[in-house]
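Single-structure report; data block below.
Just so it is clear, none of the values below were taken in a lab; they were calculated from the coordinates. No experiment lies behind these values; they were computed from the predicted model shown. When we count neighbours, we look across all protein chains shown, and the Cβ atoms used for this are built from the backbone with ideal geometry, even at glycine.
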Amino acid sequence: MSGHSKWANIKHRKGAADIKKGKVFSRLGKEIMVSVRCGGKDPAANTRLRTALTAARDSNMPKDNIERAIKKGAGETGETINYENILYEGWSNGVAVLAECLTENKNRTASEIRMVFDRNNGTMAGGGSVIRMFHRKAHFVVKGENADEDKLMNIVLDAGAEDIEVEDGVAEIWGPQDAYDSISKALANAKVATDESGIVQKPEILVEVKDPNIARQVMNLVEKLEENEDIQAVYSNFDISDEVLEKAMAEQGK
């Protein structure tokens with residue numbers, strides 16, 4: 001159970017958007033609201049809500065924000081915002097890109113997302129042409145002293161985990177999406193804190209990007225998409241080495 005994790009070197013590049021906590025909390029709040037609206041406010045009976053609440057706790061979302069989002073989703077505040085789940089698919093230099101959105105105005109969002117692709121070396125794709133290259137997986141990130149493959153394997157293997165990737169003090173745990181709860185509980189019982197967790201889109205095959213210029217273009221597209229207020233998550237299948245990443249960042253800094 002090993003592999004080459006891209007979490008560490010990708011996060012420091014695209015983390016510029018995520019570092020804005022207000023935006024992170026807004027996205028988490030939307031997901032909590034929609035989860036409650038779709039499955040009720042009882043986490044024990046609502047898997048999607050349990051996942052959203054765990055992600056909120058991992059991101060240190062204030063308790064008041066979480067409770068407010070739950071009340072909005074349950075219709076207890078008088079607000080009636082109806083969010084719609086939309087998936088946009090596209091390409092950039094042969095690299096697949098997925099953008100998951102929650103929006104109350106799909107026409108506005110579609111126009112904005114298309115513009116981001118057009119202006120950042122990307123191309124929108126037809127429905128189903130990109131998503132088939134990804135699989136929904138339970139995903140957990142552990143950093144620090146607990147990011148040990150053997151230790152984590154003993155904790156999560158029986159809980160349904162399929163793979164553990166460790167690199168530079170960062171461990172990524174992968175499993176089937178229906179194993180999210182069991183893996184989460186196993187980590188909690190072992191007192192292993194997660195820095196990030198959720199149900200994500202994992203690419204089946206990675207595309208190696210060797211050209212620093214293309215790497216910069218692909219990552220710029222991802223960043224611009226993440227800046228859109230309707231975007232919940234962006235996924236891609238690029239594989240960029242540390243060396244190429246450093247060259248891309250150096251060129252951009254000139």
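Hey, got a sec? Which trypsin sites (Lys or Arg not before Pro) in the range 92-196 land in a DSSP loop and have at most 15 other Cβ atoms within 10 Å? Of the trypsin sites (Lys or Arg not before Pro), the ones in loops of the range 92-196 whose Cβ has at most 15 other Cβ atoms within 10 Å are K191.
Treating each Cα of the range 14-73 as one equal point scatterer and applying the Debye formula with no solvent, the log10 of I(q)/I(0) at q = 0.13, 0.19, 0.22, 0.23 Å⁻¹ comes out as -0.30, -0.60, -0.77, -0.83. Quick one, which of (1) 43, 22, 16; (2) 28, 26, 16; (3) 30, 21, 16 is the actual semi-axes √(5λ) of the Cα gyration tensor in Å calculated for this model? It is the value labelled (2). Lys/Arg Cβ at +1, Asp/Glu Cβ at -1, dipole of the chain taken about the Cα centre: which of V36, I199, N189 is farthest positive-ward? About the Cα centre, the residue reaching furthest to the positive side is V36. Exposure proxy ranking for C38, C101, based on other Cβ atoms within 10 angstrom of each Cβ and starting from the fewest, stands as C38, C101. The mean sequence separation of alpha-carbon pairs under 8 Å and at least six residues apart, normalised by the residue count of the chain, gives a relative contact order of 24 percent. Taking Cα atoms of the range 56-104, Rg/Rh with Kirkwood Rh, to two decimals? So for the range 56-104, dividing Rg by the Kirkwood Rh gives 1.17. Neighbour counts of other Cβ atoms within 10 Å put F140, F117 in the fewest-to-most order F117, F140. Over the residues of the chain, the helix contribution to mean residue ellipticity at 222 nm works out to -14000 deg cm²/dmol, using -39500 (n - 2.57) for each DSSP H run of at least 4.
Sorting S111, S197 from the fewest to the most surrounding beta carbons within 10 angstrom yields S111, S197.
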